[in-house]
1. Quick one: how many residues across the stretch A:423-445 are assigned to a loop (DSSP other than H, G, I, E, B) and within 13 Å of chain B (Cβ to nearest Cβ)?
2. If you take the residues in the stretch B:15-46 that are under 24 Å from the mean Cα position of the chain (by Cα) and without any contact (Cβ under 8 Å) to a residue 40 or more places away in the chain, which one is surrounded by the fewest Cβ atoms within 10 Å (Cβ to Cβ)?
3. Being within 11 Å of chain A (Cβ to nearest Cβ) and acidic (Asp, Glu) is the filter; apply it to the stretch B:394-422 and report the residue that is nearest to B:VAL446 (Cα to Cα).
4. Applying the selection to the stretch B:358-374, what residues are of a type in the set (D, E, K, R) and more than 14 Å from chain A (Cβ to nearest Cβ)?
5. Of everything in the stretch A:63-92, what is in a loop (DSSP other than H, G, I, E, B) and in contact with a Cys (Cβ under 9 Å, 6 or more places away or on another chain)? Give them in sequence order.
6. It is to be established whether one or more residues within the stretch A:298-312 are of a type outside the set (A, V, I, L, M), closer than 18 Å to A:PRO268 by Cβ and touching a Lys or Arg at 6+ places or on another chain (Cβ under 8 Å).
7. Of everything in the stretch B:47-97, what is more than 17 Å from B:TYR333 (Cα to Cα), acidic (Asp, Glu) and within 23 Å of the chain's Cα centre (by Cα)? Give them in sequence order.
8. Any residue in the stretch A:341-355 that is free of Cβ contacts under 8 Å to residues at least 24 places away in the same chain and more than 14 Å from chain B (Cβ to nearest Cβ)?
2 protein chains.
Amino acid sequence: MKKLILLAFCLFATGVYAQTTDSVTIRKIYNEVLNNSPSYEWLRHLTQQIGPRLSGSAGAQQAVDWTKQLMEQQGFDRVFLQEVMVPHWVRGAKEVAYVQNGKQKTAVPIAALGGSVATPPKGIQAQVIEVKNFQELRELGADKVKGKIVLYNRPMDPTKLNTFEAYAGAVDQRGNGATEAAKLGAVGVIVRSMTTALDDNPHTGSMRYATGVPLIPAASISTNGAELLSKLLKQNPGLTFYFKQNCETLPDAKSYNVVGEIKGSEKPDEIIVVGGHLDSWDLGQGAHDDGSGCMQSIEVLRAMKALGIKPKRTLRAVMFMNEENGLRGGIGYADYAKKNNEKHLAAVESDNGGFTPRGFGIVGTPEQRAKAMSWKPLLAPYGLHEIGAGSGGADIGPLAQLGTVLFGFKPDSQRYFDFHHTGIDRFEGVNKRELELGAASMAALVYLLDQHGL
Amino acid sequence: MKKLILLAFCLFATGVYAQTTDSVTIRKIYNEVLNNSPSYEWLRHLTQQIGPRLSGSAGAQQAVDWTKQLMEQQGFDRVFLQEVMVPHWVRGAKEVAYVQNGKQKTAVPIAALGGSVATPPKGIQAQVIEVKNFQELRELGADKVKGKIVLYNRPMDPTKLNTFEAYAGAVDQRGNGATEAAKLGAVGVIVRSMTTALDDNPHTGSMRYATGVPLIPAASISTNGAELLSKLLKQNPGLTFYFKQNCETLPDAKSYNVVGEIKGSEKPDEIIVVGGHLDSWDLGQGAHDDGSGCMQSIEVLRAMKALGIKPKRTLRAVMFMNEENGLRGGIGYADYAKKNNEKHLAAVESDNGGFTPRGFGIVGTPEQRAKAMSWKPLLAPYGLHEIGAGSGGADIGPLAQLGTVLFGFKPDSQRYFDFHHTGIDRFEGVNKRELELGAASMAALVYLLDQHGL
């Protein structure tokens with residue numbers, strides 16, 4: 001019995017000791033990042049000196065070169081590129097659009113959707129049919145849709161607390177709207193921007209065409225523009241809409257994932273990835289989406305080094321290329337891992353903006369989730385309350401097939417869709433402390449994953 | 001035994017039923033606010049049409065008149081004013097300040113602290129002695145301080161997760177710095193602004209003089225200005241600093257708390273207060289501090305009415321006057337309650353900005369806290385995880401003596417001190433969804449307090 005009690009005590013003491021060591025280290029990580037992080041200045045460079053980084057653009061290539069150099073300057077053990085071929089879509093000249101109501105022309109802000117074809121050089125002018133969803137469209141039928149421009153005007157649901165759920169509930173209009181409308185003979189589509197805000201910023205984003213269906217041009221319209229057009233349509237269903245865009249898809253281009261690595265001291269063959277995507281849309285500076293996630297990921301490894309933490313496992317900061325319109329970087333990274341027989345224990349992605357941290361979504365087995373959720377008491381003091389089943393991230397998604405446990409960093413989502421895919425996703429929209437707290441939260445999770453496995 | 005089982009079942013069922021009813025009502029409250037709240041437009045009016053509202057100013061009086069009218073328009077059962085006499089400090093002409101380093105003059109942004117005396121009309125020019133705290137100052141002694149301007153340059157600690165803790169750890173420099181320096185013969189004080197950000201915005205705020213100590217002028221300096229001055233001092237300890245301000249304290253002025261009320265249907269004599277403070281500093285528009293809290297408080301009552309919720313107890317939205325430099329409204333409100341023998345069950349204050357909700361701080365007995373904390377499962381789905389012992393709010397503080405349980409609404413604190421008491425605390429800094437979620441969170445708590453008491 002005495003032995004049992006002693007054993008129980010030892011186990012208890014070891015547990016307490018581990019928790020104490022962990023909590024001390026996590027405090028040190030937050031202190032290091034909040035006192036000394038250069039991540040905000042890195043983001044300033046990436047967004048203001050390099051700027052937009054759409055796949056295949058000169059900006060994307062500059063970002064590859066610069067982040068490679070940046071990670072080399074941090075003295076990581078290895079920094080390397082992974083070649084991937086990426087779609088190369090270009091917007092061309094700024095779009096023009098107006099509502100023609102009798103003799104009155106009212107300009108409205110639009111942006112071609114990524115992947116869309118151009119209009120004819122002189123633009124398209126046609127009557128407009130407004131719908132909220134595909135069912136409504138199909139019920140109208142070809143008779144009423146043929147020759148017209150379809151306005152998709154279903155707003156993101158403002159009552160969803162997590163705005164990403166509201167986004168998921170509306171984004172089919174952007175992704176498949178052109179195809180569904182073309183099936184019924186429409187000549188173009190205009191999609192209400194994906195935001196709960198009412199403003200003048202069109203939100204671009206990717207769309208797809210289905211094979212065997214005519215390719216018709218698709219553009220987003222600002223929410224204020226959509227509201228105006230809808231109001232005018234109620235007054236005059238015969239009004240017309242004009243828009244012109246001359247975007248095009250060029251041949252695939254060569255690009256790269258950028259990877260920085262700290263070699264593990266005990267289990268160098270077990271890899272933990274922390275990453276974001278380096279490409280961005282072309283309208284703003286890709287500050288929240290996803291310059292923040294990239295700079296945070298590099299900061300995770302920098303802070304570890306600065307604190308003299310020698311990870312047991314190999315840590316990799318990965319700047320994925322082409323999340324926005326192809327996911328070639330994410331797919332290529334997983335292919336490379338598979339080909340090289342690499343074991344990826346876990347991957348953490350930050351691609352929901354540089355906002356104040358709320359938690360992590362987990363994709364893994366119930367046992368793996370439970371283990372990660374047992375760390376809640378260590379993370380809750382830093383505002384990380386929402387740790388549980390959720391989504392990982394687009395770029396790390398393909399790693400799931402290798403048995404990798406995925407973690408999606410979950411910052412507060414309220415402001416994200418004010419910026420997402422617009423011209424105002426700029427450096428000024430990111431708060432230094434919020435960015436740093438995100439990096440520290442990711443570093444704390446990576447530390448626990450490295451210490452305790454899954 | 002059967003009876004016992006039946007009883008247990010009934011109790012269980014009642015409990016479940018209550019929780020279900022509560023959760024349904026809370027969901028309705030959030031939906032109402034997120035779909036229909038006019039609070040953001042109200043805030044636009046208060047900040048952009050009325051603007052700054054320092055106690056005793058024309059703006060403060062306009063805000064009293066307008067919020068009274070606004071609450072009357074909502075059809076509340078009773079709207080009334082409570083007269084209070086308030087301090088009346090005015091800034092006067094914009095301050096001037098520069099560092100004189102040899103022949104070179106470098107202008108720096110300063111703002112007189114609220115309550116400070118003016119400099120002589122021609123300003124003050126003197127050598128500068130820099131300290132981090134009062135102990136360092138006293139150790140220097142009168143020999144080194146006499147005739148000089150003291151620069152208080154201890155930053156807010158960036159490693160505090162809750163920025164209000166960092167503020168509490170630094171604000172003694174602003175509150176008592178002039179008195180401590182004057183005791184040793186200083187001729188003026190310059191205080192590093194209360195923010196973790198590095199920028200060019202001086203943060204004003206209140207300061208006090210002690211009786212029997214000379215009244216020397218006190219101003220805040222932007223954090224960039226403080227860093228510059230400190231750097232130049234290291235290069236040339238003999239440099240001088242010049243500043244001029246012509247603020248003054250006028251006789252106390254008549255002002256008002258504004259109160260709107262929905263009468264309770266079952267216990268009209270038990271009152272639940274929800275409030276913010278209507279006055280603001282004079283530099284910005286008082287958007288986060290505390291236009292947000294005021295508009296949210298009115299929204300709580302509006303949403304209740306819109307949903308047809310008939311509270312059992314009397315609900316009051318209170319716009320307190322003079323939180324910033326006297327607390328006369330908060331003190332006056334409690335005095336009035338005491339005089340009229342009013343029973344105040346609970347008071348909820350929102351005065352930490354219109355940011356995304358995190359929880360509520362509670363001031364009450366352990367039993368009262370435990371009861372409120374038992375509502376966590378109902379509030380956590382809305383991001384309200386931090387519910388426990390904490391602070392209430394300055395304005396509702398005096399109600400504690402009447403046994404009122406105090407609740408401080410706790411939004412995320414990361415961005416608050418970017419704006420606090422500066423010229424950039426403007427409407428544009430407030431996010432619509434974050435403001436509304438705050439109002440809905442307060443309404444959910446008020447609903448639970450009304451339903452279940454404490």
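The values are calculated or read from the model by the stated rules, or taken from the named source; none is laboratory data. Please read all numbers here as calculations on a predicted model, not as lab measurements. Reconstructed Cβ throughout: ideal geometry from the backbone, glycine too, with neighbour counts over all protein chains shown.
1. Here is the first cut: in the stretch A:423-445, the residues assigned to a loop (DSSP other than H, G, I, E, B) are A:423-426, A:430-431.
Filter again for within 13 Å of chain B (Cβ to nearest Cβ), leaving A:424, A:430-431.
Counting residues in the stretch A:423-445 that are assigned to a loop (DSSP other than H, G, I, E, B) and within 13 Å of chain B (Cβ to nearest Cβ) gives 3.
2. Here the answer is B:GLU41.
3. Ranking the candidates gives B:ASP412 first.
4. Just the residues of the stretch B:358-374 that are of a type in the set (D, E, K, R), to begin with: B:358, B:367, B:369, B:371.
B:GLU367, B:ARG369, B:LYS371, listed by residue number.
5. Of the stretch A:63-92, the ones in a loop (DSSP other than H, G, I, E, B) are A:74-77, A:91-92.
Once the filter is applied, which keeps residues that are in a loop (DSSP other than H, G, I, E, B) and in contact with a Cys (Cβ under 9 Å, 6 or more places away or on another chain), the stretch A:63-92 yields A:ARG91, A:GLY92.
6. Among the residues of the stretch A:298-312, at least one is of a type outside the set (A, V, I, L, M), closer than 18 Å to A:PRO268 by Cβ and touching a Lys or Arg at 6+ places or on another chain (Cβ under 8 Å), which makes the answer yes.
7. Scanning the stretch B:47-97 gives a single hit, B:ASP65.
8. First, the residues of the stretch A:341-355 that are free of Cβ contacts under 8 Å to residues at least 24 places away in the same chain: A:341.
With the extra rule that they be more than 14 Å from chain B (Cβ to nearest Cβ), the set shrinks to A:341.
Yes.
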